[in-house]
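A.B. asks: This is the structure, below, for whatever I ask next.
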Amino acid sequence: MVISSSSRNLLVSRIYHVIAARSQRRTVTTYHHYLNHNQTHPPLNPHLSSLQLTRTLSSSSAKMSNLNQAKNIWRKANAVCFDVDSTVIQEEAIDELAKYCGKGDEVQQLTMEAMKGGMDFRQALAIRLDIIRPTSTQLRNFIHGEKHRLTPYVKELVYELHKREKEVYLISGGFKSIIIPVAKDLNIPTSNVYANKLKFYYDGEYAGFDENQLTSRSGGKGAAVRDLKEKHGYETVVMVGDGMTDWEAAPPADLFIGFGGNAYRPEVKNKSKWYVTDFRDLVNELRD
Ligand SMILES: [Mg+2]
C-alpha cells in the first residue's frame, strides 16, 4: 500500500500523540512543533517505552533550541572570525609547506595529533617547524607557486557578511605570509588577520617564529577574539572553524559554528551547537 507523505506525517503524529499523552503533555506540544516546522523528527521506534520516548523528544527539543539560539546569534553578529586551514581553504597550509620542502609525511601526522587538541599548541608548532626548517626563499617560492584552494562558497559567504557590514577576521595558527593572499582573495583587510610570523636569519635560514603573537600559544585564538572585542567593542562575535582550537575560542566568542566541509572531526561536531558542511547554509540563514 502506498502512503503519501502527508498521510504518513498525520499517522505518525497521531501515534505520537497517543503514546506521549500518557506520559507528559509538554512532549506532545514539542513533537507537533517538529511537524509544524517541517523539522527532522526522531524516528518512531515501536519498542520505546513512554519514558524513553519522552527522553528522546526532550533531548531533540534541547538540540533544536540550541540550534535556534545559535542561528539568532549568527544573524546578529557584529564580527565573524574564521579559522583558515581546512575552513576557509581546503588544505592545512603547514602540511602543504612541509610537502613543498620534502617533509610532508613527518609533519602531517603531527598536524593530525595537534588538531585533536591534546598537544600544547606552541610545542606542536615548534616541533613541526623544526622538521621543516623552511628558508625564506622556500617560503617565498611556496607562496608564489602553490595556489591555495578556497573552500566552495566561502567567497560568497564573506561577500554577504560584508554586505551586511559585519566585520570579517581570519584567526589562524598558521602563518601570516601564507594567509595574506587568501585574505586578499576574500577582500579581507590584512589588518584583520591574526596569525603567526616566521623568522629568518640574514642569510635566509629558518630562525623560529615570533612567540609574541597571540596565535602562537595554546588558547591563542580565544585571546585573539578577546583582543578584537576589547579593541572594537563588538557585542557579538562568532567563531567558525573545523578544529578543537576553534571551539576553545568560544567563549570569549559568543558562538562557535563547527565546519566539516573539508575535515570531519567527530569531537568538534559533538561539541557544536551548530555544525555545517556547506557554507551555503550560513549564507541562507543571513538571507532568511
Ligand atoms: Mg583548521
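What follows is calculated from the coordinates using simple rules that are stated; it is not laboratory data. Since the structure is predicted, the reported quantities are computational estimates derived from the model, not experimental observations. When we count neighbours, we look across all protein chains shown, and the Cβ atoms used for this are built from the backbone with ideal geometry, even at glycine.
Yes or no, residue by residue, for (1) within 16 Å of the ligand (Cβ to nearest atom); (2) crowded, with 17+ Cβ neighbours inside 10 Å:
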residue: Val107; (1), (2): yes, yes
residue: Ile132; (1), (2): no, yes
residue: Ile180; (1), (2): no, no
residue: Tyr194; (1), (2): yes, yes
residue: Tyr202; (1), (2): no, no
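A.B. asks: Going by the structure shown, is Ala263 assigned to a loop (DSSP other than H, G, I, E, B), surrounded by fewer than 18 Cβ atoms within 10 Å (Cβ to Cβ) and within 16 Å of the ligand (Cβ to nearest atom)?
C.D. replies: Values: assigned to a loop (DSSP other than H, G, I, E, B): yes; surrounded by fewer than 18 Cβ atoms within 10 Å (Cβ to Cβ): yes; within 16 Å of the ligand (Cβ to nearest atom): yes.
Considered against the rule, which asks whether it is assigned to a loop (DSSP other than H, G, I, E, B), surrounded by fewer than 18 Cβ atoms within 10 Å (Cβ to Cβ) and within 16 Å of the ligand (Cβ to nearest atom), Ala263 comes out as yes.
A.B. asks: Sticking with this one: Assuming Val276 fulfils every condition listed in (1) in contact (Cβ under 8 Å) with a residue 60 or more places away in the chain; (2) surrounded by fewer than 19 Cβ atoms within 10 Å (Cβ to Cβ); (3) of a type in the set (A, V, I, L, M) apart from one, which condition is it?
C.D. replies: (1)
A.B. asks: Return yes or no: is Glu235 within 14 Å of the ligand (Cβ to nearest atom) and among the acidic types (Asp, Glu)? I'd like the intermediate steps shown before the answer.
C.D. replies: Values: within 14 Å of the ligand (Cβ to nearest atom): no; among the acidic types (Asp, Glu): yes.
Against the criterion (within 14 Å of the ligand (Cβ to nearest atom) and among the acidic types (Asp, Glu)), Glu235 does not qualify.
A.B. asks: Any chance you could count how many residues in the stretch 86-112 are more than 17 Å from Val238 (Cα to Cα) and under 18 Å from the mean Cα position of the chain (by Cα)?
C.D. replies: Residues of the stretch 86-112 that are more than 17 Å from Val238 (Cα to Cα), as a first pass: 86, 89-112.
So of that shortlist, the ones also under 18 Å from the mean Cα position of the chain (by Cα) come out as 86, 89-93, 111-112.
Total meeting the criteria: 8.
A.B. asks: Please indicate, with yes or no, whether at least one residue in the stretch 240-252 is assigned to a loop (DSSP other than H, G, I, E, B), over 19 Å from Lys76 (Cβ atoms) and either of a type in the set (Asp, Glu) or more than 16 Å from the ligand (Cβ to nearest atom) (or both).
C.D. replies: Going residue by residue through the stretch 240-252, those that are assigned to a loop (DSSP other than H, G, I, E, B) are 242-243, 248-252.
Then drop every residue that is not over 19 Å from Lys76 (Cβ atoms), which leaves 242-243, 248.
Filter once more, so that each one left must be either of a type in the set (Asp, Glu) or more than 16 Å from the ligand (Cβ to nearest atom) (or both): 242, 248.
Yes.
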